[in-house]
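In what follows, a structure is listed as structure tokens, so that the remarks can point back to it.
The values are calculated or read from the model by the stated rules, or taken from the named source; none is laboratory data. Quantities reported herein were computed from a predicted structural model and do not represent experimental measurements. With ideal geometry, Cβ positions are generated from the backbone for all residues, glycine too; neighbour counts draw on all protein chains shown.
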Amino acid sequence: KAGVTQTPRYLIKTRGQQVTLSCSPISGHRSVSWYQQTPGQGLQFLFEYFSETQRNKGNFPGRFSGRQFSNSRSEMNVSTLELGDSALYLCASSGRTSVTRHSTDTQYFGPGTRLTVL
Amino acid sequence: AQKITQTQPGMFVQEKEAVTLDCTYDTSDPSYGLFWYKQPSSGEMIFLIYQGSYDQQNATEGRYSLNFQKARKSANLVISASQLGDSAMYFCAMREGRGTSYDKVIFGPGTSLSVIP
């Protein structure tokens, strides 16, 4: 059974550019969350989407935005990249299906996109 | 205020021995879920075990068990019979709320576990 997939896996950009990351959740999951992970700050919550609506939002500047489509796939966009945006970006999906038998709020993560900003 | 505390930045355990990773949390919401994840050097976060605040019994998943002490707000992960492949970062996490009113998931700083042959 397919898990959470993220594309691309690796990305190198320069300051000032913008980037779009994609996440496909486990089939049947309607919630998608995004996290930024850096050695200094650890795992920080960016935002969560549920049924195409942003349900929760973390403390990140407006350069970070996201959206969710009707098939629950989600994209995250970062505009005007800064050096400090270099990080591992993780996407997680949650929901109750025959495969994910745990609580509906258990999040299953994708492999992440490693973004390097030069 | 930090809501998840993992006081052990790094730990070592001998192969085949059991190890306990500590996690304490802080919440005033009676409804919450607690999670443990494993993150190997490859980066992917792997879900290990879940404990709901209303669950009467401690959760178990194979070699993983969660020692849930609600009054002490403690949710320690116990790994039995450690294997070399258990070497990784381990994160404790919490989500408050339930149903359609979930709050965001908060992660602790993590514990780095090294299994020694």
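Structure notes:
- Residue list for the stretch A:15-59, filter: within 18 Å of residue A:87 (Cα to Cα) and out of contact with any Phe, Trp or Tyr (no Cβ under 8 Å at 6 or more places or on another chain): A:15, A:16, A:17, A:18, A:19, A:20, A:22, A:38, A:39, A:40, A:41, A:59
- Elements of type strands (runs of 3 or more DSSP E) in the stretch A:26-118, at least 2 residues being of a type in the set (Ser, Thr, Tyr) and surrounded by fewer than 18 Cβ atoms within 10 Å (Cβ to Cβ): none
- Lone qualifier among B:110, B:43, B:85, B:99 - being of a type outside the set (S, T, N, Q), at positive phi and modelled with pLDDT of 95 or more: B:110
- Checking each residue in the stretch A:35-57 for being more than 10 Å from chain B (Cβ to nearest Cβ), in contact (Cβ under 8 Å) with a residue 24 or more places away in the chain and more than 17 Å from residue B:41 (Cα to Cα) picks out only A:49.
- Selection of first residues in the stretch A:9-30 that are without any contact (Cβ under 8 Å) to a residue 40 or more places away in the chain and of second residues that are part of a strand (DSSP E or B), restricted to Cβ pairs under 7 Å at least 6 apart or on distinct chains, gives an empty result.
- Elements of type strands (runs of 3 or more DSSP E) contained in the stretch B:11-117, each with 3 or more residues being more than 13 Å from chain A (Cβ to nearest Cβ): B:19-21, B:64-69, B:74-79, B:111-116
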